[in-house]
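The values are calculated or read from the model by the stated rules, or taken from the named source; none is laboratory data. Since the model is a prediction, treat every value here as computed from it, not as a measurement. Here the Cβ positions follow ideal geometry from the backbone for every residue, glycine too, while neighbour counts run over all protein chains shown. Note: accessible area is taken over every heavy atom of the protein model, side chains too, but ligands, DNA and RNA are not part of it. Shrake-Rupley method; radii C 1.70, N 1.55, O 1.52, S 1.80 Å.
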Amino acid sequence: MTTATDLNQPTRESAAPVGRRLSLPVVLLIIAGGLALTSLVRLITGADGITNVSQMSTALELAVPIGLAGLGGLWAERAGVVNIGLEGMLILGTWFGAWAGYQWGPWTGVLLGIVGGAIGGLLHAIVTVTFNVNHIVSGVAINILALGATRYLAPLAFEGVPGGTAKQSPPVETLGDFTVPGLSSALSDLNGHGWFLVSDIAGLLGGLVTNVSWLTLIAVALIPATWWILWRTPFGLRLRSCGENPVAAESLGVNVYKYKYLAVIISGGLAGLGGVFLSIVANPFYLEGQTSGRGYIGLAAMIFGNWMPGGLALGAGLFGYTDSLNLRGGSENVHALLLLGAILLVIGAIWLAIRKKYVHAAVTAVIGVLVFLWYATTNEVPNQVVSATPYVITLVVLALSAQRLRMPKAGGMPYRKGQGK
């Protein structure tokens with residue numbers, strides 16, 4: 001029986017997804033296998049750009065706002081509040097960050113951007129927690145409100161200011177970045193040799209130590225910090241209990257409303273930080289529409305990660321990588337990845353056949369053959385396909401991972417104080 005004392009003790013498995021979970025060695029083996037296949041495809045196709053240092057550095061930069069949005073979604077949903085409003089909170093972060101940043105410096109912009117996103121989170125919490133409005137409806141309303149508010153405020157704040165327009169802020173000073181001396185150049189040289197697997201790993205690691213923003217370091221540190229807080233502290237246990245069984249949590253003395261409010265405000269602050277990254281680091285200015293749906297992709301990354309920080313980070317990295325293809329050798333690289341996709345589909349078909357899911361295996365195999373024929377009969381892909389790749393990958397990954405997903409049990413469900421009495 002669960003007692004009030006239990007909610008004061010951190011736990012390893014409370015509110016964890018049910019079912020079989022992959023151990024760390026297995027996850028590392030899967031990642032190594034993916035890198036080996038990617039390296040093989042690079043050698044076959046000659047598309048060296050898919051794993052070079054510049055590609056990986058760009059992928060990391062593009063993954064950060066997606067990961068922060070997903071991390072925000074994780075905090076809210078672990079407390080039982082579905083946060084579709086992440087896109088709007090990103091938008092608020094971009095505007096507040098750039099508005100404060102060009103006037104009082106970039107770090108002030110970071111703080112005000114977090115506050116802007118947190119305001120969006122507070123509004124979402126008031127509507128969903130206090131008034132029990134449908135979470136999806138509230139999230140969509142937050143997105144529309146944020147878009148309308150920034151579109152109205154941007155001309156007032158930026159028009160007539162040197163370097164500003166009705167849709168763009170003046171430039172913001174850089175936060176600065178760092179490169180690990182010696183290690184960065186050594187990994188870049190190793191990546192340039194084009195050796196199987198070794199050069200690809202060097203490219204991946206090189207992207208992590210070359211021209212990295214200080215805000216990127218903060219974002220990366222928030223992943224393990226979130227895991228530790230939510231899964232190793234009494235605060236995290238109480239918060240997650242609100243997303244699993246708020247009635248039981250309340251019966252044990254947990255102030256469910258307080259934890260839901262805190263979770264959603266933190267969620268908005270994290271998404272706001274992702275918006276700051278877009279308007280200060282990725283681009284040194286606010287630009288209308290610059291979020292480009294990253295809030296929704298962040299939500300997809302969170303779902304792909306099964307509401308866990310580590311899985312979320314992998315999902316954000318995947319989507320950031322596919323997004324980076326738009327900027328660096330897109331057509332050639334995406335064409336090479338068609339071969340990788342075909343190989344993965346065939347491997348998936350074999351795995352399904354071993355598990356005696358013959359119909360699924362046959363369908364997967366047919367799709368794999370069609371993708372291979374597309375690769376074999378063309379030399380490049382249209383630019384429209386390159387632009388759509390991140391969104392297609394999002395849909396495919398979610399479709400393939402849907403069977404193992406388990407959101408918090410009380411996620412999105414209405415709750416009233418004292419309803420268990």
Q) Across the range 236-295, which residue is farthest from residue 147 (Cα to Cα) among those that are open to solvent by 40 Å² or more (accessible area, probe 1.4 Å), outside any helix (DSSP H, G or I) and in contact with a Lys or Arg (Cβ under 7 Å, 6 or more places away or on another chain)? A) 245
Q | Failed item in (1) surrounded by fewer than 15 Cβ atoms within 10 Å (Cβ to Cβ); (2) at pLDDT 65 or above, with residue 4 passing the rest | A | (2)
Q | Odd one out for residue 316, checked against (1) of a type outside the set (D, E, K, R); (2) open to solvent by 10 Å² or more (accessible area, probe 1.4 Å); (3) within 16 Å of the chain's Cα centre (by Cα); (4) at negative phi | A | (2)
Q. Of (1) among the hydrophobic types (A, V, I, L, M, F, W, C); (2) at pLDDT below 95; (3) buried (at least 24 other Cβ atoms within 10 Å of the Cβ), residue 156 satisfies all except one. Which?
A. (3)
Q. Which of the residues belonging to the range 206-217 are touching a residue at least 40 places away in the same chain (Cβ under 8 Å) and open to solvent by 50 Å² or more (accessible area, probe 1.4 Å)?
A. 208, 211
Q | Residue that is nearest to the chain's Cα centre (by Cα), among those in the range 193-204 that are touching a residue at least 24 places away in the same chain (Cβ under 8 Å) and open to solvent by 60 Å² or more (accessible area, probe 1.4 Å) | A | 204
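Just give me the residues in the range 122-137 being among the polar types (S, T, N, Q) and over 18 Å from residue 259 (Cβ atoms), in sequence order. Working first, answer last.
Narrowing the range 122-137 to residues among the polar types (S, T, N, Q): 128, 130, 132, 134.
The answer is 134, and nothing else.
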Q: Could you list all residues from the range 115-137 that are over 20 Å from the mean Cα position of the chain (by Cα), surrounded by fewer than 24 Cβ atoms within 10 Å (Cβ to Cβ) and closer than 14 Å to residue 81 by Cβ?
A: 122, 123, 126, 127, 130, 131, 132, 133, 134, 137
Q) Is it true that some residue in the range 46-67 is open to solvent by 20 Å² or more (accessible area, probe 1.4 Å), in a helix (DSSP H, G or I) and touching a Phe, Trp or Tyr at 6+ places or on another chain (Cβ under 7 Å)? A) no
Q. Any residue in the range 58-71 that is among the polar types (S, T, N, Q) and out of contact with any Lys or Arg (no Cβ under 7 Å at 6 or more places or on another chain)?
A. no
(Q) Can you say whether residue 391 is over 26 Å from residue 298 (Cα atoms) and among the aromatic types (Phe, Trp, Tyr), as far as the supplied structure shows? (A) no
Q: Kindly indicate whether residue 94 is in a helix (DSSP H, G or I), hydroxyl-bearing (Ser, Thr, Tyr) and under 17 Å from the mean Cα position of the chain (by Cα).
A: yes
